[in-house]
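Trainee: Please see the structure below; I have some questions.
No value in this document is a laboratory result; all are computed from the given coordinates. This structure is a prediction, so every number in the text was calculated from the model and none was measured. A quick note on method: Cβ atoms are made from the backbone with ideal geometry, for glycine too, and the neighbour counts reach across all protein chains shown.
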Amino acid sequence: MKTAICILLALPVVAVAASDKSAPNLHVAVFDFQTDGNLDAQLGVPNAGKVIANILASDLSTLSPVTVVDRGAVQQQLDSRRFDLFKSMSPVDAKGLGRSLDATTLVNGRVFIAGDGIVIAARVVSTETGQTLGAMVKSDGTTPVVDLLSNLSMQIGRTALVQLGAEAPSWGSAMIVGSGKHGSFISHDEVACVMAIDGQAVPDEVVQWEHKRSILPGIHQVFVRYYDGTVTAGYNFILQARPGASYEVRYERQSQLNPILWIQDQGTQQPVTIKVEARVDVPRPTAPTASEWAFGHLLPPYPNPNSVTTPLPKRTK
Amino acid sequence: MNEPELNRLLRESKMPDRSEGYWDRFPDRVVGRLQAAGTYEAKSQPWRLAALTMAAAFGLVMGFILWHRAPPSAETFATLRDGPVLRELLRQYPGRLHAIIQDGNGLHTLLSKDADVSPSDPIWLEIRDGEAHRVIVTFSGQKIRCGGTDVIVLSDLEGRVILIGDGFFWSRQISTGSAEKVQIRAEQIPEVHMNSKPPRPL
């Protein structure tokens, strides 16, 4: 889990790097979110409000034409008295803070525990006029938190654009699919497939490796599995999915060596993750359970991998 | 209600719109109506006339006080929700109006000294907090007092309203924290879009 948190804390760098520089002048500054009560303790994540702001900023950066102001700069320049969530913001203050951050839009918010789930509410302030609008998402007990944040980022993106006088755009989901090759009479199929997304298991992942899975724009944790009938390996990737993009799990393996795994953009044919040499594991790799993820306890229970029988790929003659 | 509040209430109250002779003739009309009903025997029982007159006068005074102390009527709420009051106040105090509040003490406005109120969507709120009943017209992004805490009122692009505060969250679908102790109705006021810009394509 610590690894996942470290990756999420490092996301602002990725977010800025992934921004579309040719986009209209729309720069969103995302401030740390506040958390209600002992949310940090309940999530088991220190600075949960910061982690949520990082994920949100990263998700926003995938939504062209939205660009994101560097989160480090945002927090460095933050004067909490000038952008207190519970204080009305005047147009003059909004303009001044926007000028100092080179931001057209300011975003902050708060996370609430509500029953078995959470509510994430955001305040969106135009630095041009001071116009203030809101956005919110709530978990229904089954939706992964990253999907909530993806939906929230799209609401914020639309709001920011409308505040600038543009029409509200819509951003579509991305797709991800496995890859493989059929075996011969004496050899098994060899596949690399999606085994779990954000801690939620993909059923029959090996058999259905050609089945496209939909993922919302933004940050996701994609657990990839390699399998050739006898040898298996897995790796947990952090994928920043762009709206409408198609991704493919790819692999390379030389005989008797560990497989190399990565995720590739089908449009550009370029890797969008690092290439990882995945250690050959026991018959089925151990995917991170939902409870091991940063917001795992809010996700639905993940089935015990050891209790699942994985059907082998069909042989072809 | 204490004495100064009562004095203030009586000073602020207005007489019902009746002619001067109405009140002079009122006891006689009461008596006449009772006589017509055959229940009054003035000559045989003069104390009854006095009692009835006192009862009528007491009822009149109480009705007068209660009429002016009564919570805001639905008509008053509707007037605030429909927007003419808001439009007029925005015209009079451009950039200065934080909120209009209608409660048991009448209609109030919260004004800023300077024109520093952000031009955001107007929102109509009805809040029942125990015995207190208030209607507030304010704007997205403004702070109000609700459930004993400061909350920010926000509306989204679809006109849905949320209230957020420290340990307080309210929306039409879900509420948590101290918001659960307060009854809230909220709507965006659709007709007043004085500061919105026409959409332009990207």
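Trainee: Debye calculation, C-alpha points only, no solvent: report log10 I(q)/I(0) for the stretch A:86-163 at q = 0.13, 0.14, 0.19, 0.21 Å⁻¹, in the same order as the q values.
Mentor: -0.43, -0.49, -0.78, -0.88
Trainee: What is the ratio of the Cα radius of gyration of the stretch B:74-188 to 2.2 N^0.38 Å, with N the residue count, to two decimals?
Mentor: On the way: Rg = 13.5 Å, N = 115, 2.2 N^0.38 = 13.4 Å.
The value comes to 1.01.
Trainee: Can I ask one more? Residues with amide H under 5 Å of B:Leu111's amide H, sequence separation 5 or more or different chain, H placed in the peptide plane at 1.01 Å from N; which?
Mentor: When sequence neighbours closer than 5 places are left aside, the close amide H contacts are B:His98.
Trainee: To the nearest 20 Debye, how big is the dipole of the stretch A:104-160 about its Cα centre, given +1 on the beta carbon of each Lys and Arg and -1 on that of each Asp and Glu?
Mentor: 140 debye
Trainee: Next up: Tell me, what HN-Hα J-couplings in whole Hz come from the Karplus equation 6.51 cos²θ - 1.76 cosθ + 1.60 at θ = phi - 60° for each residue of the stretch A:115-129, using x for Gly and Pro?
Mentor: x, 8, x, 9, 10, 10, 10, 10, 10, 10, 10, 7, 7, 6, 10
Trainee: Expressed as a rounded percentage, what relative contact order does the stretch B:74-188 have, with Cα pairs under 8 Å and six or more residues apart?
Mentor: Values: 222 pairs, mean separation 22.6, N = 115.
In percent, rounded to a whole number, it is 20.
Trainee: Once label points are set 7 Å from the Cα along Cα→Cβ at both A:Val280 and B:Thr109, what is their separation, rounded to one decimal in nm?
Mentor: My value for the distance between the label points is 8.1 nm.
Trainee: How much net charge surrounds A:Gly49 when only the other residues with a Cβ under 11 Å from the Cβ of A:Gly49 are counted, with Lys and Arg +1 and Asp and Glu -1?
Mentor: -1
Trainee: In debye to the nearest 20, how big a dipole does the stretch B:74-188 give about its Cα centre with +1 on each Lys and Arg Cβ and -1 on each Asp and Glu Cβ? Kindly include the intermediate steps, with their values, before the conclusion.
Mentor: Values: 13 positive and 16 negative charges, 20 e Å.
I would put it at about 100 debye.
Trainee: Next up: Quick one: compute the contact order of the stretch A:114-196, relative version, from alpha carbon pairs under 8 angstrom and 6+ residues apart, as a percent.
Mentor: Values: 85 pairs, mean separation 15.7, N = 83.
It comes to 19 percent, rounded to a whole number.
Trainee: If one computes the Cα centroid of the stretch A:89-143 and of the stretch B:92-146, what distance in Å separates the two points?
Mentor: 21 Å
Trainee: Let me ask something else about it. Give me B:Cys146, A:Cys193 sorted ascending by neighbouring Cβ count inside 10 Å, so fewest comes first.
Mentor: Details: B:Cys146 22, A:Cys193 27.
By the 10 Å Cβ count, ascending: B:Cys146, A:Cys193.
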